[in-house]
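Quick note: the coordinates plus some simple rules give every number you see, no bench work behind them. A quick note: this is a predicted structure, and the numbers were derived from the prediction, not measured. Glycine also receives a Cβ, built like all others from the backbone with ideal geometry; neighbour counts cover every protein chain displayed.
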Amino acid sequence: MNEIDFIIGLHSIYHALKNPKRLNKKIITTEDGLAQLQKKYPDTHQLLKSIPVEKLATDKFQSVTDQMFLKAGHKVRRITSGMLLTAEAIDELDVNFLYDYVIDKDNLKILCLDQVTDIQNAAGIYRTAAFYNVDIIILPKRGSFAFNPGFYRISSGAVEHIMTVRCSNFIKMVNKLQELDVHVIGLTEHAEQAIDSQAIRALKGNKCLILGAEETGISHALLRVIKNQLALPTTSQIQSLNVSVAAALALEKSFGS
């Protein structure tokens, strides 16, 4: 059985409930939490018929979930929604899948995050990426954020709609994607050319946008192999943005309507 995810936040729980790839789902809830979910999403009445639902008093709910979090190695947190969903983690894909997938597809939207570590930034990026119908997000196998309860709460169910690929060598991956005629675009403040929405949207075929770490941006080694390097234009003395904000602007310019 896969690792078990602890999903909190009503939006995230709802989208996970609707995801057929989520197996062994179970709800632990208070009466108020269940009422809130069913009021917000009426179709959950039907969704909950096929999974176990354990209802607890509010004080017991907190103590039970505290123990579950500790046992699973998660930080204990107050669940304000009064509801917790546990389910098997969604399978993450490897680069061989990615290479085969891009060959058979056209106009894919791919986002690559080079060692983004902050949970809030990562969750915000996933949510924005889902808004723009990004198909795949590529993450490093090491040196990245964790899919923990806080991430699921902030991302509002976005992870249920985007395939996640793990990669151990971004340089080889970028070279291979470029060989497969994927338009790889690195967003960096050091680029001389500004990102241009019309030019990017005019590119035919699959596109991959790469964003770097919060403090350092895309690594120098990776930048050396990215053919297309663009910057977000600025007229002020501030040359960089929070990576989640930069992602939102870049996704709008790259994949917006």
* Residues located in the stretch 26-47, provided they are among the acidic types (Asp, Glu) and surrounded by 16 or more Cβ atoms within 10 Å (Cβ to Cβ) -> none
* Return yes or no: is ILE90 of a type in the set (A, V, I, L, M), in contact (Cβ under 8 Å) with a residue 12 or more places away in the chain and outside any strand (DSSP E or B)? => yes
* Quickly run through the stretch 119-128 and pick out the residues that are buried (at least 21 other Cβ atoms within 10 Å of the Cβ) and either over 9 Å from the mean Cα position of the chain (by Cα) or closer than 11 Å to MET163 by Cα (or both). => ASN121, TYR126
* Of the residues that make up the stretch 87-98, is at least one out of contact with any helix residue (DSSP H, G or I) (no Cβ under 9 Å at 6 or more places or on another chain) and small (Gly, Ala, Ser)? -> yes
* Could you grab me the full set of residues in the stretch 48-79 that are within 15 Å of ILE8 (Cα to Cα) and either among the basic types (Lys, Arg) or loosely packed, with under 11 Cβ neighbours inside 10 Å (or both)? => LYS75, ARG77, ARG78
* Structure fact -> In the stretch 59-74, anything touching a residue at least 12 places away in the same chain (Cβ under 8 Å) and either of a type in the set (Val, Ile, Thr) or part of a loop (DSSP other than H, G, I, E, B) (or both) is listed as VAL64, THR65, HIS74
* To do: Report, by residue number, each residue of the stretch 148-174 that is closer than 15 Å to ASP114 by Cα and not aromatic (Phe, Trp, Tyr).
  => THR164, VAL165, ARG166, CYS167, SER168, ASN169, ILE171, LYS172, MET173, VAL174
* **In the stretch 197-227, the residues that are loosely packed, with under 13 Cβ neighbours inside 10 Å and charged (D, E, K, R)** => LYS204, GLU215, ARG224, LYS227
* Qualifying strands (runs of 3 or more DSSP E) (wholly inside the stretch 108-226; at least 1 residues being in contact with a strand residue (DSSP E or B) (Cβ under 6 Å, 6 or more places away or on another chain), within 30 Å of ARG77 (Cβ to Cβ) and aliphatic (A, V, I, L, M)) -> 109-113, 136-140, 163-167, 207-211
* Does the stretch 186-215 hold any residues that are under 23 Å from the mean Cα position of the chain (by Cα) and free of Cβ contacts under 8 Å to residues at least 40 places away in the same chain, and which are they? -> GLU215
